[in-house]
Structures are given as structure tokens and as C-alpha cells.
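See below for the structure under consideration.
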Amino acid sequence: MFSTRHHRGPLRSVLVSLLAIGIMGGTVLVPRVASADSIDDKRRQAANIADQLDNLTEQMDALGEDYSQSLTDQADLAVEIDRAQADVAAAEAQLSQMRGTLYMSAVTQFMHGGRNSTLTNLFASSGGVQDSLQRSQLLSIAMNQGSLTTDSLDATATSLTKKKAVLEKKRKQAISVGVAVKKRQGAAEALAVRYQQLQSTVKGDLVDLLREERNRRESQALTDAQKAAAGFSSKYASIQRRYANLPKVSARSQSAIKAALSQLGVPYRYGMSSPGHAFDCSGLTTYAWGKAGVGLARNSRSQFNTLPKIPKELAQPGDLIFQGSPIHHVGIYLGNGTMVHAPQYGDVVKISAIRWNRVVGVARPG
């Protein structure tokens with residue numbers, strides 16, 4: 001006991017002395033705590049970065065759908081060019097056959113008509129009959145011997161010329177669309193680089209604060225979406241009475257939903273509709289409803305333009321939810337204010353809250 005007290009006494013004296021010196025010297029060492037103002041500033045900075053990232057995402061969505069539209073146009077033109085080439089080939093074959101028939105008719109007339117036949121006289125004519133007139137008379141006589149006429153030959157030749165013009169026009173369109181594809185792809189990729197650069201500036205405390213801000217926004221969006229959906233449900237019957245001849249919910253909608261949910265976690269990529277590999281927004285809806293046996297146009301704008309419209313207050317699971325002006329995003333409604341979609345660059349297929357204030361239309365496949 002004595003030994004313990006003996007050692008504590010000097011140590012306590014030293015500590016008291018150091019504290020006294022510190023107080024007399026005007027300095028007291030205390031842990032540093034970040035000020036409220038500093039934290040608020042960083043939160044405002046995180047919110048500002050989140051706004052910028054959201055804005056870039058909107059721009060990328062729009063360019064992504066432009067790119068998808070260009071790819072669709074390119075594919076459609078390729079089919080049309082193949083068809084036009086087949087038409088030209090068929091017309092050339094027909095014209096060649098008609099010319100062969102003409103030749104054989106002329107030869108037959110010459111061989112069996114005798115020296116005094118009209119064709120014999122034409123072939124033997126001297127300078128008294130011009131060559132051009134001679135060929136014209138030969139053609140007319142030979143053609144009138146059978147079922148062919150000069151009119152049918154001319155019509156076939158004219159048709160061939162028109163078909164060649166159509167083919168050439170489509171080839172020029174294909175070149176133009178090819179340029180548009182590269183331009184839109186380049187613009188989308190440039191925005192993606194800007195997005196990555198902005199994201200790379202987020203360091204230190206901002207990483208956590210940005211994550212918190214995004215989670216806060218998602219949570220608020222879900223609360224708002226579910227509240228709005230509940231309001232729609234409570235007024236469903238009264239709203240439905242205002243609209244006549246709305247298409248019924250397709251029995252295939254659950255198959256489409258199941259197909260879309262099977263792709264959760266698959267990465268987003270422009271212009272893609274490849275299960276297990278990558279999707280853009282309209283690529284996912286095309287795939288999901290295709291698995292349900294319903295064909296859809298390849299991009300969101302065409303899907304909206306070609307499908308029956310539904311008031312958003314009457315949206316049901318399986319309906320397509322469209323956003324943006326011009327339209328550049330689409331997802332599949334799941335109910336209770338949520339949808340499954342391929343949201344944006346750098347993200348994956350997932351379930352998200354619907355921001356009803358951004359919804360520009362609802363359509364019903366099936």
C-alpha cells in the first residue's frame with residue numbers, strides 16, 4: 001500500500017504542474033471537432049454535385065435514345081436496301097428476258113419471212129431508211145408478233161430506272177444515318193467522360209456525404225411515389241369512369257415483369273438489349289415484353305407513339321412508364337409507385353421509385 005501511494009504522489013504533482021503551466025500560458029489542449037458550418041458547407045457541396053450528376057444523366061439518357069434511334073434507322077435501312085437490291089435484280093432479269101424474247105422473235109421473222117418479208121426489207125434497206133427508224137420498225141414488228149409490246153418493254157425499263165433510283169437514295173440515307181450514329185455515339189461517350197471526371201472529384205468526406213445525399217433523395221422519392229400511388233388507387237374507380245374503351249391489362253404483363261426482374265443487376269449500356277450482358281432502358285422493355293410474346297418498337301419514343309395510352313392515375317403492373325421531354329426513358333411499372341428499369345450510364349437494371357412529376361405518359365402493351 002505504502003509503495004503505491006509513494007508512486008502516485010509525484011505523478012499527480014507533475015500533472016497538476018503541467019496543467020497550471022498550460023492555463024497560465026493561455027493554451028489548453030482539447031480535441032478538434034469539425035464545426036457545424038464546415039459540415040453544412042460540405043453537405044451543400046455534395047448536394048450540388050448530386051444535381052450536376054443528375055443533369056448529366058438526363059443529357060446522357062436523351063443522347064442514348066437518339067443513339068438507339070439511329071441504330072434502329074440503320075438496321076431498317078439495311079433491310080430496305082436488301083429489298084431494293086432484290087427489286088432491281090428482278091427488274092433487270094425481267095428486262096433481259098424480254099429483250100431475249102424480242103431477239104428470238106426478230107430472228108424467227110427473218111428466217112421464215114422470206115426475202116420479201118418486212119423484216120428482210122428493213123435489214124436490206126439502203127440509205128433510204130435511216131438506221132434509227134429501221135431499228136424502231138424492227139422492234140415494233142417483232143414485238144407485235146407475240147404477247148410482248150413496245151409499251152411493256154418501255155414500262156419495264158422505266159420501272160428498273162425507278163427502282164435503281166430508290167436503291168441509290170437509300171444508300172445515301174444509309175451513309176447519312178451512319179454519320180449520325182457515330183456523332184451521337186461520340187456525344188454520349190463525351191458526356192460519360194464528363195460524368196466520370198465529376199465523380200472522380202468526390203474525395204474524402206464528400207464520398208460519404210454524396211452517398212447520404214443520394215440515399216436521402218431515393219428515400220424521399222419512394223415516399224412521394226408511394227403516396228401518389230395510394231392517391232391514384234383511392235380514386236381509381238372514379239377516374240376510370242371518365243375514360244371509355246381503355247385497353248384491359250394484358251394477361252401477359254406478369255410474364256413481362258418476370259422477364260425484366262430476371263435481369264436485375266445487369267449493367268446499363270447504350271443501344272444494347274442483350275440478356276445477362278447489357279441493356280439500355282428501351283432495350284429492357286423490348287426484351288421483357290418480347291419474352292411475353294409481344295413485339296415492341298426498339299426505342300422509347302417509338303414505343304410511346306405506337307402503344308395505347310393510359311392515364312397515369314390508372315397505371316397497372318406491366319404498363320410502360322415514360323419520362324423526359326422529348327421522351328428518353330422508359331420502365332415497367334410494378335405497382336405501389338415503383339418500376340423496374342435500366343436507369344442510366346454506370347448503373348444496373350434495378351427497381352426504383354417513380355418520380356411522377358417527370359412522367360409524361362403511360363402506355364399499355366399486350
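Suppose the chain between Asn305 and Thr161 were pulled fully straight at 0.36 nm per residue; how much longer would it get relative to their current alpha carbon spacing?
Values: separation 144, 0.36 × 144 = 51.84 nm, distance 3.55 nm.
Here the answer is 48.3 nm.
Label-point separation (nm) for Arg171 and Ser233, each offset 7 Å from Cα along Cα-to-Cβ?
So the two model labels end up 6.1 nm from each other.
Can you pull the three principal axis extents for the Cα set of the stretch 256-330, in Å, largest first?
33, 25, 20
Kindly give the semi-axes, whole Å and largest first, of the ellipsoid equivalent to the stretch 157-287, taking each as the square root of 5 times a Cα gyration tensor eigenvalue.
On the way: eigenvalues 321, 199, 47 Å².
Sorted largest first and rounded, they come to 40, 32, 15 Å.
By counting other Cβ atoms within 10 Å of each Cβ, how are Ser302, Ser219 ranked from fewest to most? All intermediate terms of the calculation are to be shown ahead of the outcome.
Details: Ser302 17, Ser219 11.
Placing the least packed residue first, the sequence is Ser219, Ser302.
First measure r as the distance between the Cβ atoms of Val179 and Tyr103, then evaluate 1/(1 + (r/R0)^6) with R0 = 30 Å and state the FRET efficiency to the nearest 0.05. Don't skip to the answer; put the middle values down first.
Numbers: r = 46 Å, r/R0 = 1.53.
Plugging the Cβ-Cβ distance into 1/(1 + (r/R0)^6) gives 0.05.
Just from the alpha-carbon atoms, what are the Rg and Dmax of the stretch 206-363 in angstroms?
Cα radius of gyration and Dmax of the stretch 206-363 are 15.6, 53 Å respectively.
Rounded to the nearest 0.05, what FRET efficiency do Leu95 and Asn357 give with R0 = 41 Å and r taken as the Cβ-Cβ distance? Could you check? All intermediate terms of the calculation are to be shown ahead of the outcome.
Numbers: r = 62 Å, r/R0 = 1.51.
FRET efficiency, Leu95 to Asn357: 0.10.
For each of Ile49, Ile239, count neighbouring Cβ atoms within 10 Å of the residue's Cβ, then give the residues from fewest to most. Kindly include the intermediate steps, with their values, before the conclusion.
Values: Ile49 19, Ile239 14.
So the residues, fewest neighbours to most, are Ile239, Ile49.
Just grab the label-to-label distance for Arg217 and Arg241, each label 7 Å out from Cα along the Cβ direction, in nm (one decimal).
4.1
Output wanted: per-residue J couplings in Hz (rounded whole) for the stretch 217-222, from phi through Karplus 6.51 cos²θ - 1.76 cosθ + 1.60, θ = phi - 60°, x for Gly and Pro.
Per-residue couplings from phi come out as 5, 5, 5, 5, 4, 5 Hz.
Estimate the FRET efficiency between Val207 and Glu58 by the formula 1/(1 + (r/R0)^6), using the beta-carbon distance for r and 25 Å for R0, to the nearest 0.05.
Computed FRET efficiency for Val207 and Glu58 comes out at 0.60.
Mark the label point 7 Å from the Cα of Arg252 along Cα→Cβ and return the residues of the stretch 347-366 whose backbone N is within less than 13 Å of it.
Within reach of a label on Arg252, which here means backbone N under 13 Å from a point 7 Å along Cα→Cβ, the stretch 347-366 contributes 364-366.
Please report the orientation-averaged projected area of the stretch 175-225, defined via the convex hull of its C-alpha atoms, in nm².
Details: hull surface 20.9 nm².
Projected over every direction and averaged, the Cα hull of the stretch 175-225 covers 5.2 nm².
Given the Cα-Cα distance of Ser200 and Asp154 and 0.36 nm per residue of separation, how much length would full extension add, in nm? Spell out each step's value before the answer.
Numbers: separation 46, 0.36 × 46 = 16.56 nm, distance 6.90 nm.
9.7 nm is the gain from fully extending Ser200 to Asp154.
List, in the order given, every pair from Lys258/Lys312; Lys182/Lys291; Lys227/Lys350 whose Cα-Cα distance in the structure shown is over 24 Å. Display every interim value, and only then the final one.
Numbers: Lys258/Lys312 22 Å; Lys182/Lys291 30 Å; Lys227/Lys350 21 Å.
Checking Cα-Cα distances, Lys182/Lys291 exceed 24 Å.
Using a cut-off of 11 Å between beta-carbons, work out the net charge of the residues near Arg298 (Lys and Arg +1, Asp and Glu -1, Arg298 not included). List each step's numbers first, then the result.
Values: positive: Arg301; negative: Glu65, Asp73, Asp76, Asp280.
It works out to a net charge of -3.
Every number here is computed from the coordinates shown, using simple stated rules; none is lab data. Just so it is clear, the structure is predicted and the values come from calculations on it, not from any experiment. Reconstructed Cβ throughout: ideal geometry from the backbone, glycine too, with neighbour counts over all protein chains shown.
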